[in-house]
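Heads up: the structure comes next, in structure tokens.
Each reported figure results from applying straightforward, stated rules to the coordinates on display, with no laboratory input. On a predicted model such as this, the values are computed, not experimentally measured, just so you know. Quick reminder, even Gly has a Cβ in these numbers, built from the backbone with ideal geometry, and neighbours come from all protein chains shown.
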Amino acid sequence: MNRSCYYCGSVNKVKNGKTYYGKARGKCKDCRRQFVFHRQNRSLSPEQKRLIKLLLLERLSLEGICRVLAISAYHLYRYMDELYVEVPDDLNAQVSAQAELQLCCYECESDELWSFVGCKANKQWLWVAQDRRSRQIVALHLGDRGAAGARGLWENIPQQYRQQATFFTDNWEAYKQVIPAQRHRASKEKKDTNHAERLFCSLRQRCARLVRKALSFSKKLDRHLMAIMFFVANYNLSLLL
């Protein structure tokens, strides 16, 4: 027990039992923090990083990924942050100026896509703009389901689409406040937004954070958004293959 505290460097420490995995644990009497004696700094192998990229695209909890790969949550979160930083702003979508868009705002009352962060009272609505021909998602926005949410999506849509595309939406009132009337096609029929509904079905099945009744919900809004963007960017890439 001749090592100093990992956090403050103090040698004023005592033994403090063992961890869940049986490793000797100490406690600093100055900063009051606990640490493990003889801690090993293990980095992720290239194979583990490859598997993490694949498992993050499936409906598996973060704790489940840790169990499958026998890694700590600390290393998983650090590598996730590296992956999220690399997500491009254009979501890997190849913009076509002649394409039509299909937009849809989903409401929980009609059993459509919604999500929450922290608790179900903190609802976060996912707005998407999907190219009707290529099926690529060209923009998304996370926010409320009012005019502010529709405006946030409109601002994220590439300029080529905002100037030339025809927009097909459901009859949600918020769209009428941001989309030019001459290029807006609002309808109550599901056939006009069936591709967007099919997209949200894929999101439900493959993104654990969007599952309604599960313990895999997001605790922080920024991670919630980046996890969705990470999936969408890889989804767009898969459509190009």
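Take every Cα pair under 8 Å in segment 101-240 that's 6+ residues apart, average their separations, divide by the length, and report that relative contact order as a whole percent.
Relative contact order here is 24 percent.
Could I have the simple spin-label model distance between Val85 and Lys188, label points 7 Å from Cα toward Cβ, reported in nm to one decimal?
A separation of 5.1 nm, rounded to one decimal place.
Counting only C-alpha contacts under 8 Å and six or more residues apart, can you give the relative contact order of the chain as a whole percent?
18 percent
Which of Cys207, Trp154, Trp172 sits farthest toward the positive end of the charge dipole of segment 101-240, with +1 on the Cβ of Lys and Arg and -1 on the Cβ of Asp and Glu?
Cys207
At R0 = 25 Å, how high is the FRET efficiency between Lys220 and Ser134 if r is their beta carbon distance? Nearest 0.05 is fine.
Approximately 0.20, to the nearest 0.05.
Which whole-number percent is the relative contact order of segment 1-40 (Cα, under 8 Å, 6+ apart)?
Across segment 1-40, relative contact order equals 33 percent.
Taking the Cα-to-Cβ direction at Lys120 and at Asn12 and moving 7 Å from each Cα, how far apart do the two end points lie in nm?
5.0 nm
Give the average over all directions of the projected area of the C-alpha convex hull of segment 101-240, one decimal, in nm².
About 8.0 nm², averaged over all directions.
Can you report the principal axis dimensions of the chain using only the alpha carbons, biggest first, rounded to whole angstrom?
In descending order, the Cα extents are 76, 39, 28 Å.
Taking the chain as the reference, fit the longest principal axis to its C-alpha atoms, fit the long axis of helix 194-206 to the helix C-alpha atoms, and give the angle between the two in degrees, 0 to 90, nearest 10.
The angle comes out near 10 degrees.
Using alpha carbon centroids, what distance separates segment 141-220 and segment 3-34, in Å?
50 Å
Taking DSSP loops as anything outside H, G, I, E and B, show the longest stretch in the chain free of GluC sites (Glu not before Pro) there with at most 14 other beta carbons within 10 Å.
Of all site-free stretches, the longest is 108-188.
When DSSP assigns beta bridges and you keep just the ones with both residues in the chain, what percent turn out antiparallel, to the nearest 5?
If we restrict to bridges inside the chain, about 75 percent are antiparallel.
When the Debye formula is applied to the Cα atoms of segment 46-85, each taken as the same point scatterer, what base-10 log of I(q)/I(0) results at q = 0.20, 0.25, 0.31 Å⁻¹?
-0.51, -0.83, -1.28
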